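A short worksheet on the structure shown next.
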Amino acid sequence: MRSGINIVLLVALIAVVSFTWMLRRDFTERNYEILPGMVESVSYDAFSPNPNFPDGKTLQKPAAGTIPRSFTLLPYRATPENALRAGKELQSPFANEADPQPDRGRMMYAAYCQPCHGIGGAGDGPVVQRGFPPPSSLLAEKAMKMEDGTMFHIITYGQANMPSLASQVEPLDRWRAIQFVRSLQAVQTQTAKVGSPDSTEPLTGK
């Protein structure tokens, strides 16, 4: 029994020594690759040549008529006419029911709108202060009278100097950002009403 254990230990020792010798660090020779798949990708990289396609490229355009997963296809084009049509046809999903994430609109505005439009929506964000053309004020009469659907169209397709945010902000979050813009406009309206000479309301409030 003891001799059998000794033989096993001797074999194990020889195996360890042999394995250590094989893995010796020799800068003049190429080392053994135990798991080459960890170094070299088995599949083609996105921008690597690929002989399996006629154009020799791995990255291919999507098939005609396909849309990305979770992408909402809207029947509109990036034109002022379609923006007005969207205002008549689109309605916020939060128009008739409460938003389960009421603070997310503020987050979306701070991340994607505030750099240009400013904290209060007056179009005086930090990007503008560094020379970028100022956007229209969200507190202007035109913006206050704008339909939610039209504003959703602008966020989705862009307008003038404003780029499309469709790839960055999902549809529900666009509606939430619009809700927050409406809250800024409501504060502006209330402030103007309180500051009016004919107003009988106190100048202080919440």
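Numbers for the structure displayed
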item	result
Residue, most open to solvent (accessible area, probe 1.4 Å), within the range 77-130, restricted to residues that are polar (S, T, N, Q) and in a helix (DSSP H, G or I)	GLN129
Count - residues of the range 55-73 that are free of Cβ contacts under 8 Å to residues at least 60 places away in the same chain and at positive phi	2
Qualifying position, being in contact with a strand residue (DSSP E or B) (Cβ under 9 Å, 6 or more places away or on another chain) and aliphatic (A, V, I, L, M), among ALA63, ALA83, ALA95, ALA46	ALA83
Residues of the range 158-177 classified as open to solvent by 70 Å² or more (accessible area, probe 1.4 Å) and not acidic (Asp, Glu), total	7
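The values are calculated or read from the model by the stated rules, or taken from the named source; none is laboratory data. Quick caveat: nothing in here was measured; it's all calculated off a predicted structure. No Cβ is skipped: glycine too gets one built from the backbone with ideal geometry, and neighbour counts run over all protein chains shown. Keep in mind that these areas ignore ligands, DNA and RNA; they rest on the heavy atoms of the full protein, side chains included. Shrake-Rupley method; radii C 1.70, N 1.55, O 1.52, S 1.80 Å.
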